[in-house]
Every structure is written in structure tokens, then in C-alpha cells.
Amino acid sequence: MQSPLHRFSAIKISVTKHANTYRSFIAYGTIIVSSLFLIPKSDVAMQGDVSVYLGVVNDLFNGALPYRDHVLEYPPYAIPIFLLPRIFGEGNYLIAFLSLAFIADWLVKLSLLLSGFRESKTVRGLSPIMLYCAAVPFIQFFYLQRYDIWPALLCLIAIWLFCSGRYMISGLAFSFGIGVKLYPILFVPPLLVLALRQGKVKKFTVGLVLGLLPVVVLSFWLPWWEFAAFQTNRGLQVESLYASLLWLGKLIGVASVDWSYVNKWYEVKGPLATAVLPWARCLFLIGVGGSTVAAVRVAYRLQKISPPQIARLLLIPLLAFVALNPVLSPQYMIWLLTLAALASLEGSLWVSCSICLATVLTPIFYPSSNYGVGITLMETLVLVIRNLILIAAWGSLIHDSIGNKFKKVKIG
């Protein structure tokens, strides 16, 4: 009679064998099931962000220019994304925006599926699509009503192009990502080092310069750089690490802060929050700067250049940017999730799974019925746990970079 351990091993071998045999069926089935939760509905309510996008477009149609005639908190390359749905008419703007985001979602998923099958011939090749599709339904409330899926898609494409030897087009794609949502600028230093080691730094740099040239020309007419000042003047957004700990302190009676609506978001306010803010900004700058240096150091030593390895490398500064940021919006998880899914193909699954878990926890506190006045103790505890998970994932990658634990395989 077999022991329970032997029976478990036999079951595991059988499941793995069938998963390898039917992995294409499993992958496409997973995409379809995940996408069923996201199918755009005509009766869905327009959220605040899409209203802002439509407002930008309407102002353009009325002759008012962003940055010059009104404040715009987004980089200039985001404007074409806002404009495209308007082609279908103002009354159809929301459903058009959702539909285009739905297409981008499919492109991300297909990219992850192809990357998984290209990098692994085993069941491990399913990990990117399984992790991504498992997490996305949990953030369906805002997933298609933000434009963050577009820079995430651009980054995936740029990584694939980089590893395929198309350095100039990769640089172009990364520059478009920077112009759409600034965070891909964190990826430039380690990628420049990788391109330098491949003898392709000139091509990559030319692509970056060509992609950003239009915004340089635009600066003669519009002060587009003012979007950055808008962001840096913000306080402690309620979902940030610092704000979540302060709000937890209030709920257990050891801190005095308020949950306040500011412009288009919520912040934790009060003398204590004001005192914490400069320290939070300092920690953020040190953390992001140090993480970028760590990523450059890894890039200098890295002997294998592959999409999952680069995704894991780029998560080092990006996790610092998200986890230590005084401003942490729920859609930031989309940036992390795409890279984490791709990174799951190599090394430990812990970081990728932890980012997936952090994403899954999001709907417990956003959107909640209490979000407008202050979340409950249970919701706050989940938020703090989410933030600590991100810190732990970042710390794990920093530890691996210091300990030289990034996988080393000869290029070939």
C-alpha cells in the first residue's frame, strides 16, 4: 500500500504531465475566462479618471491647450490615448475607451503567453499568463477605466524587442512609455548598461532620443513639464505605506489624522501627516535612487539577457517607486503585475506570487463603501499588509542583487 507521500507525488507527476500536454488549451482557456470578467458593458458608470480624459479631449476640441490653458497631470504622449476613443463620438467615449483598453489587455496576455511558451517548454511556461489572469479580475473595477494598461503593454513590447536585438526600436518603445507614463524612465539606466555590454548602446540611445524628440519640440509651445510639478506637490495619498500606517494609528488611538478629499484623490491630513511627509519623500528618493544603482550593478554582471530576466531586473527600481511612494494609486499595481508575470519564468516564484497576492487584496479596501470617509480597521489592516508585501518583495530583490543571486547563464 502506497504512503500518502507517494500518492501525492504520483498525483503531482500526473497533473504536471497533463498540464504539459494541454498547456496551449489551458493558456487560451485561462485568457478567455479571465477576460469574461472584463467585457465592457454599455451601462457601466464613468469613473473620475475617464471623465478627466474626456475633459482634456473636449478642451482640445474647444481650442484650449493642455499645460498652457489648464493643468494636466499626465505626460504629453498620454493625450493621443485620450483622443482615440473620441473618434467614435462623445456619447460613445466611455464604451470606446473600455473597448480599446480591453484590446490592450488581450495584447498583454498574448505577449505573456508567447513569452512563456518561448522561454519554457514545460508547465513553467504557463506561469506568466496564469498569474496575470488570476489577479486581473480582482481589479476589474478600475482596470479598464485607467490608461495604465498602455504603458505596461509598451514596456512588455520594448523588453521583447530589446532581447530580440532590435535595440533602436526598443529604445523608441521605451521612450513612448516614458511619454505616456513617466515610470519607465527608471528602466533606462540598467538598460543602457545592458546595451553597452552588447555593443548596441548607440542604437538604443538613438531610439530613445528619436522617441522623445517630439516632446522637446513641443516644449517651445507648451510647458508640458509642469505635470511633474503637479505630482510632486501632492501629500500622503491614503493608500501609501506612510498614510496606511498613520490611519492605522488613528484607528487604534495612537495618532491624530484626518481622511480628506484633495482635488481628485484622498489624502491623510493633519500635523502628524505634515511632519511625516518630508521624511517620506526623502525615503522615497533614497530608495528609488539606491534601487536604480542596484539594478545597474546587476545589469553590469548579468550574463543572460532574456525577457524574464530583464523583467526581474526592472522590478527592482519599480517596486521601490511604488512601495515607497507617498502617492500610491491602485492602478500602479498594473505596472507591477505585468513585469511580475513575465519575471515568473526565471528564478524564485516568490516575488511574482507576492505581487499577484498584493493585487488580489486591492478590492478589500478599494473600492469599499467606506472609502470616501475613511476605511475600517479590517480594511486598513489589509491595506497595510498589501504595502508590507510590496516592501518584502522589493527587499527580496535587493537582497538577491547584493548577494549576486540573479541567475547567471552565458549569453547565447
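Rule-based calculations on the coordinates, nothing more; no lab input. Predicted, not measured: the structure shown is a model, and the values here were computed from it. All Cβ positions, glycine included, derive from the backbone under ideal geometry; neighbour counts span all protein chains shown.
Here is how the numbers come out for the structure above:
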item: Extension gain, TRP279 back to GLN140 (0.36 nm per residue minus Cα-Cα distance, nm); result: 46.7 nm
item: DSSP H segments from the chain that extend 30 Å or more along their own axis, Cα-based, with Kyte-Doolittle mean of -1.0 or above; result: 93-119, 271-301, 377-402
item: Helical mean residue ellipticity (222 nm; -39500 (n - 2.57) per DSSP H run of 4+; nearest 500) of the chain; result: -21000 deg cm²/dmol
item: Order of THR30, THR376, THR232 under a 10 Å beta carbon neighbour criterion, fewest first; result: THR232, THR376, THR30
item: Potential lengthening between SER368 and PHE37 on full extension [0.36 nm per residue; Cα-Cα distance subtracted]; result: 117.3 nm
item: Label-to-label distance, nm, for residues given as SER396 and LEU272 (7 Å Cα→Cβ offset); result: 3.1 nm
item: MET46, MET378 arranged by Cβ crowding within 10 Å, fewest neighbours leading; result: MET378, MET46
item: Sorted by Cβ density within 10 Å, fewest first, the residues ASP43, ASP148; result: ASP43, ASP148
item: Two-site FRET efficiency, GLN303 against ILE252, from Cβ-Cβ distance with R₀ of 35 Å, rounded to 0.05; result: 0.10
item: Label point distance in nm, LYS264-LEU388, each placed 7 Å from Cα along Cα→Cβ; result: 3.3 nm
item: Extension gain from LEU110 to LEU210, taking 0.36 nm per residue of separation minus the Cα-Cα distance; result: 33.2 nm
item: Orientation-averaged projected area, Cα convex hull of the chain (nm²); result: 23.2 nm²
